[in-house]
1. Among all residue pairs at least 6 apart or on different chains, which show Cβ distances below 8 Å where the first residue, located in the range 17-31, is surrounded by 15 or more Cβ atoms within 10 Å (Cβ to Cβ) and the second is of a type in the set (S, T, N, Q)?
Amino acid sequence: MIDDQLNVNSHIEHACEKASKAINAIARIMPNNAGPSSSKRRLLASVSSLLRYGGPAWAAALETNQIQRKHSSTFRLMAMRVVSAYRTISSEAVCVIAGMIPIGITLEEDSECYRWREVLVQDTEEVCTL
């Protein structure tokens, strides 16, 4: 999704909203004080794929604090549900306890892999033309 000013902010906001709805739906199934073990909860934490969709294309937009905060808070909510933590826990602590890599680092890794893939494709095309 790109808005009329060629920004991807609307895409990121839409993805965060969609992920939040999915997290809340899971939270209704598994209350915070009881329910499945953390390993089963981690399986349901695949909501992060909603946050990572198209990441290499819009990763530069995360340089703005507003977008980064919204994206990180959605990921934090998901990590809190994985470990059944209270809302007073820090983002770093909840990621460590959940055994999840923070979303900013994951997006940087996705972008780097995408760049390397582009380089490999270009090198392969050059070899094929020779």
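The values are calculated or read from the model by the stated rules, or taken from the named source; none is laboratory data. What you see is a predicted model, and the numbers here were worked out from it, not measured in a lab. Note that each Cβ is placed from the backbone with ideal geometry, even for glycine, and that neighbours are counted across all protein chains shown.
1. Ala19/Ser48; Ala19/Thr74; Ser20/Thr74; Ile23/Thr74
Every residue, every condition in (1) modelled with pLDDT under 80; (2) part of a helix (DSSP H, G or I); (3) closer than 14 Å to Ala15 by Cα, yes or no:
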site: Pro56; (1), (2), (3): yes, yes, no
site: Leu62; (1), (2), (3): yes, yes, yes
site: Arg81; (1), (2), (3): no, yes, no
site: Thr88; (1), (2), (3): no, no, no
site: Glu92; (1), (2), (3): no, yes, no
site: Val96; (1), (2), (3): no, yes, no
site: Cys113; (1), (2), (3): no, yes, no
